[in-house]
Amino acid sequence: MLVSEALARRRAIRDYDPAFTIGDEELARLFALVKLAPSAMNLQPWEFIVVREAAAKKRLRACAMDQYQIELAAATVIVLGNTDMLAHFEPVYADLLALGGTTPERVEGSRRYVRRFDGDVRYRELWAARNAALAAMTLMLAAQELGLDSGPMDGFYPDKLMAEFGVPANFLPVMLVTLGRRAQEPPYPRQWRRDFGDMVHLDTFGEKKGRD
Ligand SMILES: Cc1cc2nc3c(=O)[nH]c(=O)nc-3n(C[C@H](O)[C@H](O)[C@H](O)COP(=O)(O)O)c2cc1C
């Protein structure tokens, strides 16, 4: 499947076939693609909770404004961003050193760079969300190629979800992504999208609209 085909086919699906299930092998295939997502300094600050069991789906639905698609979907992935920026620093940089991509001095420089954000929770949350959002989009595109439909959701209560699913405090629940097979086409065609001229600025943002 071409990326353009995956993008065209992807819709935010809510009416899933409740009889459709996703097995461990399919999950493994999916996450073998998800892990190819880019991340800042390749630090891969993401983790995923795959909610598949009926009771867990009910608990998640209760954290997500009672959105019914969670129970119809074969699975919902809770995409978490890790605000501990150094969580995977050691193996990532050991690998990069072994590949010849850096030097021990530059590794220490990178570590110092990351440590600058130790006291800046706002930045670390933004960083975690940026990276995890790319993983979520990668998940949706990879799902499409594997014949799975998906739906991104941010309609949930983060604190409730974290308590309910035992998420450690250094993580940020960034997005839910439902997965399954659409039972029918969405009830209306794809909504209007802003066009090139409205959203793309060439070289500079330009002058403020409406300025005298
Ligand atoms: C960050 C984000 C949060 C969203 N949250 C929800 C949600 O909580 N519930 C829902 O039904 N759809 C949610 N959506 C889906 C959007 O409504 C949908 O992507 C948009 O209307 C465009 O439709 P399309 O994806 O089918 O093209 C969300 C999408 C994004 C990207």
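Tabulated results
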read-out	value
Computed [θ] at 222 nm, helices only, for the chain once each DSSP H run of length n ≥ 4 contributes -39500 (n - 2.57)	-12500 deg cm²/dmol
Per-residue Cβ neighbour rank within 10 angstrom, fewest leading, F117, F156	F117, F156
Furthest towards positive pole of dipole, P168, A87, T204, structure part the chain, Cβ charges	T204
Exposure proxy ranking, count of Cβ atoms within 10 Å, fewest first, for W127, W46	W127, W46
Dipole magnitude (debye, nearest 20) for the range 3-186, charges at Cβ of Lys, Arg, Asp, Glu	300 debye
Additional length obtainable on full extension of the chain from R193 to M65, 0.36 nm per residue less Cα span	43.5 nm
The range 53-212: C-alpha gyration tensor shape, a/c 1.5 cut-off, then a/b vs b/c	oblate
Additional length obtainable on full extension of the chain from R122 to A55, 0.36 nm per residue less Cα span	20.7 nm
Ranked list, fewest to most other Cβ atoms within 10 Å of each Cβ, for D17, D195, D95	D195, D95, D17
Peptides ranked, highest mean first, by Cβ atoms within 10 Å: ranges 51-57, 96-102	51-57, 96-102
Charge dipole (debye, nearest 20) of the range 118-189; +1 at Cβ of Lys and Arg, -1 at Cβ of Asp and Glu	60 debye
Inter-centroid distance (Cα atoms) of the range 108-135 relative to the range 147-202, Å	23 Å
Whole-Å distance, taken between Cα centres, linking the range 19-34 and the range 68-89	15 Å
Gain upon complete extension [D203, A169; 0.36 nm per residue less C-alpha separation]	8.2 nm
Positive-end residue of A128, T21, L146, charge dipole of the range 3-186 with Cβ unit charges	A128
³J(HN,Hα) computed for each position of the range 36-46 - Karplus, 6.51 cos²θ - 1.76 cosθ + 1.60, integer Hz, glycine/proline x	7, 4, x, 8, 4, 6, 6, 7, 6, x, 9
Computed log₁₀ I(q)/I(0) - Debye formula, equal Cα scatterers, no solvent, the range 36-80, q 0.17, 0.27 Å⁻¹	-0.54, -0.89
Packing rank of 74-81, 165-172, 60-67, 200-207, where each peptide gets the mean count of other beta carbons within 10 Å, highest leading	74-81, 60-67, 165-172, 200-207
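Throughout, read-outs are computed from the coordinates displayed, never taken from laboratory work. What you see is a predicted model; the values in this text were computed from it and never measured. Please note: Cβ atoms are built from the backbone with ideal geometry, for glycine as well, and neighbour counts cover all protein chains shown.
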